[in-house]
Amino acid sequence: MRYQPLSRRLINLIYPLVIYMAIGMAVLGLYSNGGLMANLIEKVSCIIIMGILFYKDSKQIRWEGKKLSLYSVIIMIIIGICACIGVNMLFELTGLKTIREEDAKNVAKALYSDKLWLQILVVGIAAPVAEELLFRGILYRRMRTWLSVGPSALAALLIFAAVHGNLLQALYAFILGALLVWTYERFAKLTAPIILHVSANLISILVQQSTWLSSYLQTYAVAACIIGLAGTVAGVVYITVHE
């Protein structure tokens with residue numbers, strides 16, 4: 001891929017994204033009121049197709065990274081949980097959620113109003129796997145064959161943020177995406193960002209479904225924000241230095 005002309009490189013970046021979005025539009029057209037079940041069909045379809053593309057790329061693109069140990073996995077889970085809580089509390093404290101209240105309500109309605117098992121399956125597992133296959137496993141990895149980390153990461157993050165629909169989700173996706181890119185770059189295994197992404201999404205479901213936890217975070221928002229962001233930074237530093 002490194003020696004392909006620029007036009008071919010751009011096509012290699014565009015067509016997986018077009019396929020991904022076309023699947024979403026097709027499923028939405030067929031199941032406009034399908035809720036998360038429609039999303040499940042969409043994400044599973046994307047996982048299959050993007051998985052095939054990722055597998056084909058893996059025959060040409062060779063990456064080497066740090067070993068993903070059990071301890072690293074635990075740290076990834078902690079980072080995902082801390083990042084989700086820290087960033088969301090930051091949005092709360094800065095008033096961004098109030099300013100974009102309609103966006104927040106639309107997100108909650110779309111993702112957290114269906115059956116709990118569907119939320120876990122779709123939002124917690126299927127969506128992170130599909131998104132990591134496309135945005136890190138295909139788009140970012142393809143860009144890294146001819147660009148350095150900085151430009152590749154920025155381009156991948158902007159695309160990842162743009163497809164999330166509204167400003168609130170886009171900002172969250174950009175911040176979380178930076179952690180996911182770092183994780184993939186560090187370990188060179190798609191398993192790593194998937195673990196982090198799943199952890200962040202599962203804790204968001206737990207917060208939404210637990211009145212007690214949600215109330216507790218609201219009451220101690222400053223402390224939750226500081227602990228969440230500090231935990232994220234500490235986890236990143238520890239992985240960078242020791243793992």
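Does the range 143-163 contain any residue that is of a type in the set (Lys, Arg) and buried (at least 17 other Cβ atoms within 10 Å of the Cβ)? Let's see the steps before the verdict.
Quick first cut of the range 143-163, residues of a type in the set (Lys, Arg) only: 144.
Within this subset, residues satisfying the condition of being buried (at least 17 other Cβ atoms within 10 Å of the Cβ) are 144.
Scanning the range 143-163 turns up at least one residue that is of a type in the set (Lys, Arg) and buried (at least 17 other Cβ atoms within 10 Å of the Cβ).
Take the residues in the range 43-60 that are surrounded by 12 or more Cβ atoms within 10 Å (Cβ to Cβ) and hydroxyl-bearing (Ser, Thr, Tyr), then tell me which one is modelled with the highest pLDDT.
45
Scan the range 204-223 and tell me whether some residue there is under 19 Å from residue 126 (Cβ atoms), within 16 Å of the chain's Cα centre (by Cα) and not hydroxyl-bearing (Ser, Thr, Tyr).
Quick first cut of the range 204-223, residues under 19 Å from residue 126 (Cβ atoms) only: 204-206, 208-209.
From what is left, the residues that are within 16 Å of the chain's Cα centre (by Cα) are 204-205.
Next, from what is left, pick out any that are not hydroxyl-bearing (Ser, Thr, Tyr): 205.
The answer is yes, given that some residue of the range 204-223 is under 19 Å from residue 126 (Cβ atoms), within 16 Å of the chain's Cα centre (by Cα) and not hydroxyl-bearing (Ser, Thr, Tyr).
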*Using beta carbons and a limit of 9 Å, which pairs, at least six apart or on different chains, have the first residue in the range 161-183 and without any contact (Cβ under 8 Å) to a residue 40 or more places away in the chain and the second one open to solvent by 20 Å² or more (accessible area, probe 1.4 Å) and among the hydroxyl-bearing types (Ser, Thr, Tyr)?*
161/172; 164/172
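Only one residue in 126, 161 is at pLDDT 95 or above, among the small types (Gly, Ala, Ser) and in a helix (DSSP H, G or I), so which one is that? First the steps, then the outcome.
Details: 161 fails: at pLDDT 95 or above.
Exactly one residue qualifies, and that residue is 126.
Residue by residue through the range 23-42, note down the ones that are among the small types (Gly, Ala, Ser), assigned to a helix (DSSP H, G or I) and open to solvent by less than 50 Å² (accessible area, probe 1.4 Å).
24, 35, 38
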_Residue satisfying condition, being modelled with pLDDT under 90 and not hydroxyl-bearing (Ser, Thr, Tyr), within set 13, 28, 40, 17_ = 28
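Name the residue that is surrounded by the most Cβ atoms within 10 Å (Cβ to Cβ), counting only residues in the range 206-225 that are without any contact (Cβ under 8 Å) to a residue 24 or more places away in the chain and among the hydrophobic types (A, V, I, L, M, F, W, C). Spell out how you get there, then give the answer.
Here is the first cut: in the range 206-225, the residues without any contact (Cβ under 8 Å) to a residue 24 or more places away in the chain are 206, 210-216, 219-220, 223.
From what is left, the residues that are among the hydrophobic types (A, V, I, L, M, F, W, C) are 206, 212-213, 223.
On the way: 206: 16, 212: 7, 213: 14, 223: 11.
This residue is 206.
Can you tell me how many residues within the range 15-48 are within 19 Å of the chain's Cα centre (by Cα) and more than 22 Å from residue 119 (Cα to Cα)? Give the steps one after another, and end with the answer.
So the first thing to find is which residues in the range 15-48 are within 19 Å of the chain's Cα centre (by Cα), and the list is 16-21, 23-24, 36, 39-48.
Cutting the leftovers down to more than 22 Å from residue 119 (Cα to Cα) gives us 16-19.
Final tally of qualifying residues: 4.
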*Could you say whether any residue in the range 37-55 is under 26 Å from residue 171 (Cα atoms), out of contact with any helix residue (DSSP H, G or I) (no Cβ under 9 Å at 6 or more places or on another chain), of a type outside the set (S, T, N, Q) and in contact (Cβ under 8 Å) with a residue 40 or more places away in the chain?*
no
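The values are calculated or read from the model by the stated rules, or taken from the named source; none is laboratory data. What you see is a predicted model, and the numbers here were worked out from it, not measured in a lab. FYI the Cβ positions are ideal-geometry reconstructions off the backbone, even for glycines, and counts take in every protein chain you see. Please note that ligands, DNA and RNA were not included when accessible areas were found on the heavy atoms of the full protein model with its side chains. Shrake-Rupley method; radii C 1.70, N 1.55, O 1.52, S 1.80 Å.
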